[in-house]
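To start, the structure under review is shown below, and the notes come after it.
The values are calculated or read from the model by the stated rules, or taken from the named source; none is laboratory data. Since the structure is predicted, the reported quantities are computational estimates derived from the model, not experimental observations. Backbone-built Cβ (ideal geometry, glycine too); neighbour counts: all protein chains shown.
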Amino acid sequence: MDNRISWIKISHHQVGSQSIVEFQNSIVNMNHKVAVFRKEHFNAAHRLHNPDWTEEKNQEVFGLCNNPHYHGHNYELIVKVTGEIDPATGYVMDMKVLSDLIRKEVLDRFDHKNLNLDTAAFANLNPTAENIVVVIYGLIREKLDPKLELQVRLYETERNFVEYPI
Ligand code: NI
(Lines give C-alpha, C1' and ligand atoms only; values in the text may rest on other atoms or scores of the structure.)
Protein backbone atom coordinates (compact mmCIF):
# COMPACT_ATOMS: atom_id res chain seq x y z
CA MET A 1 0.00 0.00 0.00
CA ASP A 2 1.18 3.50 -0.82
CA ASN A 3 2.67 5.20 2.29
CA ARG A 4 0.54 8.28 1.83
CA ILE A 5 -2.65 6.24 1.76
CA SER A 6 -1.69 4.40 4.97
CA TRP A 7 -0.97 7.72 6.63
CA ILE A 8 -4.37 9.13 5.67
CA LYS A 9 -6.16 5.97 6.89
CA ILE A 10 -4.35 6.05 10.21
CA SER A 11 -4.81 9.74 10.81
CA HIS A 12 -8.52 9.66 9.98
CA HIS A 13 -9.74 6.31 11.25
CA GLN A 14 -7.39 4.74 13.72
CA VAL A 15 -5.71 7.40 15.79
CA GLY A 16 -8.74 7.78 18.03
CA SER A 17 -8.55 4.16 19.19
CA GLN A 18 -4.72 4.06 19.49
CA SER A 19 -2.43 5.43 22.14
CA ILE A 20 -0.14 8.24 20.97
CA VAL A 21 2.89 5.90 21.23
CA GLU A 22 1.18 3.20 19.14
CA PHE A 23 0.21 5.85 16.64
CA GLN A 24 3.77 7.23 16.44
CA ASN A 25 5.23 3.74 16.11
CA SER A 26 2.82 2.89 13.33
CA ILE A 27 3.97 5.99 11.41
CA VAL A 28 7.68 5.25 11.95
CA ASN A 29 7.27 1.62 10.91
CA MET A 30 5.84 2.54 7.51
CA ASN A 31 9.29 3.07 5.89
CA HIS A 32 8.66 6.59 4.67
CA LYS A 33 11.02 7.96 2.10
CA VAL A 34 12.72 11.13 3.31
CA ALA A 35 15.01 13.51 1.43
CA VAL A 36 18.12 14.83 3.19
CA PHE A 37 20.07 17.77 1.81
CA ARG A 38 23.66 18.94 2.11
CA LYS A 39 24.70 22.44 1.01
CA GLU A 40 28.28 23.03 -0.08
CA HIS A 41 30.20 25.80 -1.75
CA PHE A 42 33.17 26.10 -4.07
CA ASN A 43 34.87 28.77 -6.13
CA ALA A 44 36.15 28.02 -9.59
CA ALA A 45 37.23 29.77 -12.78
CA HIS A 46 36.10 28.81 -16.24
CA ARG A 47 35.84 29.85 -19.83
CA LEU A 48 32.99 28.80 -22.09
CA HIS A 49 34.37 28.13 -25.54
CA ASN A 50 33.68 25.91 -28.52
CA PRO A 51 36.98 25.28 -30.35
CA ASP A 52 35.05 24.39 -33.52
CA TRP A 53 33.73 27.96 -33.80
CA THR A 54 35.37 31.25 -34.77
CA GLU A 55 36.29 33.79 -32.08
CA GLU A 56 33.35 35.93 -33.25
CA LYS A 57 30.83 33.11 -32.95
CA ASN A 58 32.16 32.17 -29.47
CA GLN A 59 31.90 35.79 -28.38
CA GLU A 60 28.39 36.06 -29.77
CA VAL A 61 27.13 32.86 -28.05
CA PHE A 62 29.01 32.90 -24.72
CA GLY A 63 29.53 36.67 -24.21
CA LEU A 64 31.36 37.49 -20.95
CA CYS A 65 31.79 33.79 -20.17
CA ASN A 66 34.04 33.54 -23.27
CA ASN A 67 36.66 35.90 -21.76
CA PRO A 68 40.00 34.34 -22.87
CA HIS A 69 41.53 35.12 -19.46
CA TYR A 70 38.80 33.22 -17.61
CA HIS A 71 36.53 34.46 -14.81
CA GLY A 72 35.25 33.03 -11.55
CA HIS A 73 31.97 31.95 -10.00
CA ASN A 74 30.93 31.25 -6.42
CA TYR A 75 29.15 27.96 -6.97
CA GLU A 76 26.56 26.79 -4.46
CA LEU A 77 25.88 23.09 -4.50
CA ILE A 78 22.86 21.34 -3.02
CA VAL A 79 22.99 17.56 -2.87
CA LYS A 80 19.67 15.80 -2.24
CA VAL A 81 19.66 12.16 -1.13
CA THR A 82 16.35 10.31 -0.87
CA GLY A 83 15.74 6.98 0.78
CA GLU A 84 13.95 5.09 3.51
CA ILE A 85 14.83 5.75 7.14
CA ASP A 86 17.14 3.04 8.45
CA PRO A 87 15.32 1.71 11.56
CA ALA A 88 18.65 1.03 13.31
CA THR A 89 20.02 4.59 13.01
CA GLY A 90 16.93 6.67 12.27
CA TYR A 91 18.93 8.15 9.38
CA VAL A 92 18.43 8.07 5.62
CA MET A 93 22.18 8.56 5.46
CA ASP A 94 24.83 9.67 7.93
CA MET A 95 25.36 13.36 7.04
CA LYS A 96 29.03 13.18 8.02
CA VAL A 97 29.50 10.42 5.43
CA LEU A 98 27.67 12.53 2.82
CA SER A 99 29.68 15.62 3.70
CA ASP A 100 32.99 13.72 3.48
CA LEU A 101 31.93 12.20 0.15
CA ILE A 102 31.12 15.60 -1.38
CA ARG A 103 34.36 17.10 -0.08
CA LYS A 104 36.49 14.27 -1.45
CA GLU A 105 34.76 13.82 -4.82
CA VAL A 106 33.72 17.39 -5.64
CA LEU A 107 35.33 20.12 -3.51
CA ASP A 108 38.85 18.68 -3.51
CA ARG A 109 38.58 18.36 -7.30
CA PHE A 110 37.05 21.71 -8.21
CA ASP A 111 37.42 24.25 -5.39
CA HIS A 112 39.84 27.08 -6.28
CA LYS A 113 40.58 25.44 -9.63
CA ASN A 114 40.48 26.60 -13.19
CA LEU A 115 37.98 24.07 -14.51
CA ASN A 116 39.30 24.21 -18.09
CA LEU A 117 43.00 23.98 -17.22
CA ASP A 118 43.21 22.18 -13.86
CA THR A 119 40.60 19.42 -14.12
CA ALA A 120 40.50 16.28 -16.26
CA ALA A 121 36.69 16.39 -16.31
CA PHE A 122 36.61 19.68 -18.29
CA ALA A 123 39.78 19.36 -20.35
CA ASN A 124 37.56 18.62 -23.35
CA LEU A 125 34.10 19.45 -22.00
CA ASN A 126 32.69 22.99 -21.97
CA PRO A 127 32.30 23.84 -18.23
CA THR A 128 28.76 25.19 -18.41
CA ALA A 129 26.61 24.85 -15.29
CA GLU A 130 24.71 22.09 -17.12
CA ASN A 131 27.85 20.06 -17.79
CA ILE A 132 29.24 20.70 -14.30
CA VAL A 133 26.08 19.43 -12.59
CA VAL A 134 26.07 16.23 -14.66
CA VAL A 135 29.75 15.61 -13.85
CA ILE A 136 29.15 16.22 -10.13
CA TYR A 137 26.16 13.88 -10.17
CA GLY A 138 28.33 11.14 -11.74
CA LEU A 139 31.12 11.58 -9.20
CA ILE A 140 28.76 11.30 -6.21
CA ARG A 141 26.53 8.62 -7.73
CA GLU A 142 29.48 6.29 -8.19
CA LYS A 143 30.23 6.36 -4.44
CA LEU A 144 26.66 6.45 -3.10
CA ASP A 145 24.70 3.41 -1.88
CA PRO A 146 22.69 2.27 -4.96
CA LYS A 147 19.48 2.10 -2.91
CA LEU A 148 19.60 5.88 -2.34
CA GLU A 149 18.26 8.34 -4.92
CA LEU A 150 20.39 11.36 -5.80
CA GLN A 151 19.62 14.78 -7.21
CA VAL A 152 22.08 17.65 -7.52
CA ARG A 153 21.34 21.37 -7.84
CA LEU A 154 24.08 23.83 -8.75
CA TYR A 155 23.84 27.62 -8.48
CA GLU A 156 26.25 29.45 -10.77
CA THR A 157 24.85 32.80 -9.63
CA GLU A 158 22.10 33.63 -7.15
CA ARG A 159 19.62 33.70 -10.02
CA ASN A 160 20.93 31.01 -12.37
CA PHE A 161 20.87 27.40 -11.30
CA VAL A 162 20.59 23.95 -12.80
CA GLU A 163 19.41 20.60 -11.53
CA TYR A 164 20.16 16.98 -12.50
CA PRO A 165 18.52 14.58 -12.92
CA ILE A 166 15.18 16.28 -13.49
NI1 NI B 1 30.82 32.06 -16.34
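Which residues, counting only those in region 108-152, are in contact (Cβ under 8 Å) with a residue 60 or more places away in the chain, under 29 Å from Val61 (Cα atoms) and assigned to a helix (DSSP H, G or I)?
Phe110, Leu115, Asn116
Can you find even one residue in region 112-135 that is more than 16 Å from His49 (Cβ to Cβ), within 16 Å of the ligand (Cβ to nearest atom), buried (at least 18 other Cβ atoms within 10 Å of the Cβ) and among the β-branched types (Val, Ile, Thr)?
Yes, that holds for at least one residue.
With respect to Phe23, is the statement that it is modelled with pLDDT under 95 and more than 16 Å from the ligand (Cβ to nearest atom) true?
Spelling it out, Phe23 is indeed modelled with pLDDT under 95 and more than 16 Å from the ligand (Cβ to nearest atom).
If we keep just the residues of region 44-81 that are free of Cβ contacts under 8 Å to residues at least 60 places away in the same chain and away from the ligand (no atom under 16 Å from the Cβ), which is surrounded by the most Cβ atoms within 10 Å (Cβ to Cβ)?
Trp53
Would you tally the residues in region 89-107 being in a loop (DSSP other than H, G, I, E, B) and either within 18 Å of Val162 (Cα to Cα) or of a type outside the set (Gly, Ala, Ser) (or both)?
Adding up the residues that qualify gives 5.
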